[in-house]
1. Taking the range A:52-139, which chymotrypsin sites (Phe, Trp or Tyr not before Pro) meet the DSSP loop condition and have no more than 11 other C-beta atoms within 10 Å?
2. Working only with C-alpha atoms, what are the Rg and Dmax values of chain B, expressed in angstrom?
3. Using Cα springs under 10 Å in a Gaussian network model of chain B, which residue among B:Gln333, B:Gln346, B:Gln252 shows the largest mean-square fluctuation?
4. What would the Debye formula give as log10 I(q)/I(0) at q = 0.12, 0.20 Å⁻¹ for the alpha-carbon point model of the range A:1-148, no solvent?
5. Over the range B:323-419, what relative contact order in percent results from Cα pairs under 8 Å that are six or more residues apart?
6. Just the ratio, please: alpha-carbon radius of gyration of the range B:256-374 over 2.2 N^0.38 Å, N its number of residues.
7. Report, in degrees rounded to the nearest 10, the 0 to 90 angle that the Cα long axis of helix B:152-181 makes with the longest principal axis of chain B.
8. When you look at the Cβ of every residue in A:131-141, what mean number of other chain Cβ atoms sits within 10 Å?
Amino acid sequence: MIPLPLTAPPGVVTADVLASDLGCFPTLEEYVPLVSAFKDDGFEMCVDLCGVDYLEHLDRPMPDFVIPTRFEIVVNLLSLSKKQRVRIRVQAGNNDPTVDTLFDLYPGTEAMEREAFDLYGVLFNGHPDLTRILMPEDWEGHPLRKDYAVGKIPVQFKEAPGPR
Amino acid sequence: MSDPTIRVAERVELLAAETSEGAQGLQARRVTDTDELGREVGAVLRTSGLTLDPNDVDFDRRDDETMIINMGPAHPSTHGVLRLMLELDGEFVLRTKPVIGYLHTGMEKTGEVLSYVQGGTNVTRMDYVSPISNELGYSMAVEKLLNIEVPDRAIWIRMMMAELNRVASHLVWLATNGMDLGATSMMIYGFRERELVLAFFEKTAGLRMNLNYVRPGGVAADLPDGWEDDVLVICDTIYERTFEYDELLTGQPIFRGRMIGVAPITAEEALALGVTGPLLRSTGVPWDLRRSMPYLAYDEVDFDVIVGTFGDNFDRYAIRLNEIRESVRIVRQCIEKMPSGDYRSQDPKVTPPPRARIDESMEALIHHFKLFTEGFHVPAGEVYSAIESPRGELGCYLVADGGPKPYRIHVRAPSFVNMQAVPLLMRGGSVSDAITVISSVDPIMGEVDR
């Protein structure tokens, strides 16, 4: 388990999650400063960013002082120089989840944040182009949410001609 | 013309509405603000976020001087259904925006309703050119959560199959890349050699593609009798023929002219964009998960990590060609060192009882039935496991809630992230280079859209 960088905002909750990754549980305010501290500490790459909808597990076990919310954004950072990974799980909120964008730190998160927005409806403050990426622009709802039923909407084609 | 649903060329507004991507598409200059324009031009690079060099972006250019055209989703050189919106000034590309999602089939959602046993059939269809990598990433994530040991033989079989798959995947890349550049003979040769590998897959797993061969706990079947000979023939043939490709492509002036110095990317840019795989290594960063963070038994075999210098198309070509040779080298060592023993874990939790036991024991029958209907339960937790696929880091983020189905399965697809480098690589190049750029990024749309 690796320690937090010295420049990290004070009070960030950490816990050994699984494997050898360090798990951090920042609040919404601590989130971007923490990632920024990791970046300064040699984590050159943001490998992955995805959302999780914990609708069915709102009371999941969490480290002390972390209040679990329905939506979570999970960020995986990688340090090429230290050969280490770190996982940051930020609680994004229950309704209208919103977090700040990492685009300014890691431009590579652009598509990943768009994907999280598209599939979970998590808004990213300051993202330059928060549009849908996988679903069509006029799609309703966010398909990976747990309350979005599978097969609820028939396949849509724009102005498909009727049956002959 | 009275019927509004009839689509004819004269009804331009209908055609436009039909093909419009709305906000996802590339917008005209007059409706794009300065920052956004800079970002799309690629001047945002990208060291400390939005650092715009005003000299780099031509803000004065007007819409009537440029033209936005579509490339794809049905263009043959887009390797599937990638749609690129290009802003052209004559023949030169000013801005590019990839529009993806044409192959989105909701595989991550599907993964949530399939049990862990069935999950392999789902993930294997993501990167359909290297299915073993997907299964491997997924299986390793599940095994990490289950905390089970995989027998040695399974590890080495996995490694050998993954490397054979890397060979097949790079051969497809060489073939299609040759096709894109007009070297059509390469198309034939690449697919011919790949057939050798696929035939061996069929012999081993029963299927040529989408194998579902690597499963949580081990692999689906042991290697067939006489596999050493088959694999040796594959190794010898392909290794020898890589030198024929050298003759066919590497030294060929037209090929070199179209590859060398085209679409360079720096290490700094690649890291900022999260790009991995041959694209990152072409910039000189020796980052290969097989070497840097070894999994399976990669720390017990000898191989070189191929690294480029200039980050251009030719480096990416050379890296992939040489990685075929390195993979063949690993496969040869796998043949030599292949341990005997079980090809799957004997942990009854994940492995069904042998067929003979089912005939004589009711418990075995029930166990077998439960395993394939309900599936095994995985303890609650979350895990990220990453492997080096032919295209880069393939990660699997898995959230388990203690039930027989994953609560959330997210695949970090290398092609999806690498796609972000396309606008940067395209910038300032000509349309004919655009085709080589798509090719050298090597996106597999099944994986991009999932």
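Derivation of every value follows stated rules applied to the coordinates shown; laboratory data play no part. Nothing here was measured: the structure is a model prediction, and the numbers come from that model. Every residue, glycine among them, receives a Cβ derived from its backbone with ideal geometry; neighbour counts consider all protein chains shown.
1. A:Phe65
2. Rg and Dmax of chain B, Cα atoms, are 23.9, 82 Å.
3. B:Gln252
4. Relative scattering, expressed as log10 I(q)/I(0), comes to -0.48, -1.28.
5. For the range B:323-419, the relative contact order is 17 percent.
6. Details: Rg = 22.5 Å, N = 119, 2.2 N^0.38 = 13.5 Å.
The value comes to 1.67.
7. Value to nearest ten degrees: 30.
8. Average neighbour count from other chains, rounded to a whole number: 5.
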